[in-house]
Amino acid sequence: MFIKIKNSLNGMKKYLPLLRELVARDVKVRYRRSVLGMLWTVLNPLLMMGVMTVVFSQLFKSTIDNFAIYYLSGYILYSFINDSTTAALFSVVYNASLMKKVYIPKYMFPVSKVFSSLVNLGFSFIAMIIVMIITRTPLKITIVLLPFIIFYVVSFVIGLGLILATLYVYFRDIGHLYGIIMLAWLYLTPLFYPREILPEMLQEFLIFNPMYHYVEYFRDILLYGTWPSFEQNLLCLGIGIIALFIGTTVFYKKQDRFILYI
């Protein structure tokens, strides 16, 4: 298994042009026939932030400072995880006709979905900068750690995406259930409310919530200007690497039989 994974990683260099084409295709298709095009990637988090700020800022104003940045820093990470994993979920099955015509490494499809969502995440950061300017939130020096949290999250999402793509080949019901799972994940992660309002049992459960750790890391470097500890970095990295390893292992064990089910 380790040899297969190593060979695939080495082979990925050969298919980098193909990966770029798949990512470009996904981005173009997403905004086809849209008047504002990729501007929606900036407007969407801004509009969501405006709605959530109006609804919840008064409710939590005594416990959350700078609610707009607090919410937006969590929402754009959640949106990236949601969009990329949902797209990866359907990627193999939806590209079945292409796979039957020409050889393409199957992992390219879920991986390309993650990177196309990563492009959208980059534009979402523009929305974050705009809100920081409006709210006069200073940019902390700790923002230099932004590449680290992006690497951690991308590793986690690729692993999860590979697992979901595999599951959907064999169990199509997961396509209907996943939206509900992501909605539950949204409300079980302190994105627009403080952790302290959760019952004590649920607060302890947060330790098993990967998104919670990533959001807290991002808020530390963006909003609070605190340097994440070595243990915090190790935890976020570990979650990503474990997810990536499990996803890669599951995908490669099952991919040879995909053609029988798609």
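The values are calculated or read from the model by the stated rules, or taken from the named source; none is laboratory data. These figures come from a predicted structure and were not determined experimentally. Every residue, glycine as well, gets a Cβ built from its backbone with ideal geometry; the counts of neighbours run over all protein chains shown. Accessible surface areas use protein heavy atoms only, side chains included; no ligands, DNA or RNA. Shrake-Rupley method; radii C 1.70, N 1.55, O 1.52, S 1.80 Å.
Summary of values
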item: Candidate set from region 89-107 (those that are of a type in the set (A, V, I, L, M) and buried (at least 21 other Cβ atoms within 10 Å of the Cβ)); member that is farthest from TYR252 (Cα to Cα); result: LEU89
item: Identity of the residue in region 159-171, open to solvent by 30 Å² or more (accessible area, probe 1.4 Å) and aliphatic (A, V, I, L, M), that ends up farthest from the chain's Cα centre (by Cα); result: LEU167
item: PHE205 being within 17 Å of the chain's Cα centre (by Cα) and among the aromatic types (Phe, Trp, Tyr); result: no
item: Wholly within region 182-262, helices (runs of 4 or more DSSP H) carrying at least 3 residues that are of a type outside the set (D, E, K, R) and buried (at least 16 other Cβ atoms within 10 Å of the Cβ); result: 210-219, 230-254
item: Per-region count, region 123-142, residues part of a helix (DSSP H, G or I), surrounded by 12 or more Cβ atoms within 10 Å (Cβ to Cβ) and of a type outside the set (S, T, N, Q); result: 9
